[in-house]
1. How much length is gained on full extension from residue 32 to residue 146, taking 0.36 nm per residue of separation minus their Cα-Cα distance?
2. Based on a Kirkwood Rh over C-alpha pairs, give the Stokes-Einstein translational diffusion coefficient of region 65-174 at 37 °C and viscosity 0.692 mPa s in µm²/s.
3. With the crude spin-label approximation of a point 7 Å out along Cα→Cβ, what separation in nm comes out for residue 50 versus residue 123?
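Derivation of every value follows stated rules applied to the coordinates shown; laboratory data play no part. The shown structure was predicted, so the numbers you read here are calculated from the model rather than taken from an experiment. Please note: Cβ atoms are built from the backbone with ideal geometry, for glycine as well, and neighbour counts cover all protein chains shown.
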């Protein structure tokens with residue numbers, strides 16, 4: 001009887017030690033995976049920043065017809081880099097906090113285009129708090145395009161322009177709106193408009 005109890009005790013200790021080792025290995029593996037994800041996001045952000053810097057070098061050359069297009073590319077690259085940077089800083093490797101993201105994106109656009117911060121008033125209301133990267137990037141690029149259009153077409157006729165960006169969830173669906181108080185595109189021009197902006 002005593003021998004059986006002794007064997008059971010040693011067996012339990014061996015199992016517990018093995019179990020603890022397994023838990024420890026899982027913790028180490030999780031830490032390694034987290035470090036790897038951080039490194040990936042850090043490298044992606046850095047690579048995008050390098051591309052942005054190369055474009056900036058191009059922009060230092062005498063301006064020509066391509067100048068504004070290069071600025072647009074730079075804004076888009078920096079917006080993508082911003083999403084990775086925020087994921088890296090927040091230690092959330094799947095989602096991005098929408099309110100600060102779109103606030104910073106507006107600042108990036110104004111900075112790159114070199115316009116006055118007073119020229120664009122941003123009203124950003126993200127009731128939907130977070131969005132995963134796969135959905136955010138295409139949405140961010142679409143907002144980039146609309147924001148650049150606002151600056152190109154609304155600012156020349158207004159001293160300042162209000163941009164309203166909102167996102168909310170209702171009945172399991174996400175709704176997103178972008179608007180500005182510019183003059184708008186004449187209805188008769190809609191059939192002839194081309195490009196990604198339209």
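1. 37.0 nm
2. Roughly 224 µm²/s, to the nearest whole number.
3. It is 4.3 nm.
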